[in-house]
Amino acid sequence: MLWIKALHVISVITWFAALFYLPRLFVYHAMSDDKASIERFKIMEHKLYRIIMMPSFVLATALGAWMAIEAWAVYTTQYWLYVKLVLAGLLIAYHFYCGHLLAAFKADKNTHSHIFYRWFNEFPVLILVAIVILVVVKPF
Ligand code: HEM
């Protein structure tokens, strides 16, 4: 099971790399008005989401679920995991909202400013800090 946990943590790290980078691309995309930059951002965002973000999300979630199901009898009294799953659920909702924003940018229909994306970019940081404290310290 330690191999599964190691692969879970690795896929969580690559998932977060994309969760941090994609909204940053949205910041610069929302500030751009020249066609060449806009087309370049569309390609970068599409590749990041399809090639790194989505596979990492699927792997991190599947491996996490595997560990949870495998030892559920132990985890039922570990309340930190319940809180972690709620936070992971919020992160998954953020992930798919990024997909929705990606589609809006692709169609040149983005309605948010770069200021919005600068704040939007901070949300995964809060989730990361909370989840890592929960899984390492296991406070309750
Ligand atoms: C998406 C749903 C997720 C599920 C179902 C899940 C489930 C699990 C489970 C069951 C473990 C083993 C816990 C243990 O016995 O020590 C684990 C470990 C871990 N998870 Fe997740 N996880 C998920 C997402 C995440 C996310 C988003 C993060 C990062 C912020 C994360 C970070 C970790 C870390 C660092 C460990 C290793 C903890 C240790 O060795 O003490 N997981 N995960």
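The values are calculated or read from the model by the stated rules, or taken from the named source; none is laboratory data. Computed from a predicted structure; not experimentally measured. Using ideal geometry, Cβ is built from the backbone for each residue, glycine included, and neighbour counts are taken over all protein chains shown. Side chains are part of the model used for accessible areas, which takes the heavy atoms of the whole protein and leaves out ligands, DNA and RNA. Shrake-Rupley method; radii C 1.70, N 1.55, O 1.52, S 1.80 Å.
Values computed for the structure shown
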item	result
Unmet criterion (only one of (1) closer than 21 Å to Phe20 by Cβ; (2) more than 9 Å from the ligand (Cβ to nearest atom)) for Ala107	(1)
Residue selected from the stretch 45-61 under the condition open to solvent by 20 Å² or more (accessible area, probe 1.4 Å) and within 9 Å of the ligand (Cβ to nearest atom), by the criterion nearest to the chain's Cα centre (by Cα)	Phe57
Residues of the stretch 79-103 satisfying the condition of being closer than 17 Å to Lys5 by Cβ and more than 8 Å from the ligand (Cβ to nearest atom)	Trp80
The stretch 4-39, residues that are within 22 Å of the chain's Cα centre (by Cα), free of Cβ contacts under 8 Å to residues at least 12 places away in the same chain and open to solvent by 60 Å² or more (accessible area, probe 1.4 Å)	Val9, Ile10, Ile13
All positions within the stretch 28-39 that are at pLDDT 95 or above and closer than 22 Å to Ile115 by Cβ	Tyr28, His29, Ala30, Met31, Ser32, Asp34, Ser37, Ile38
Verdict on Leu90 being open to solvent by less than 40 Å² (accessible area, probe 1.4 Å), closer than 24 Å to Tyr49 by Cβ, out of contact with any strand residue (DSSP E or B) (no Cβ under 8 Å at 6 or more places or on another chain) and at pLDDT 95 or above	no
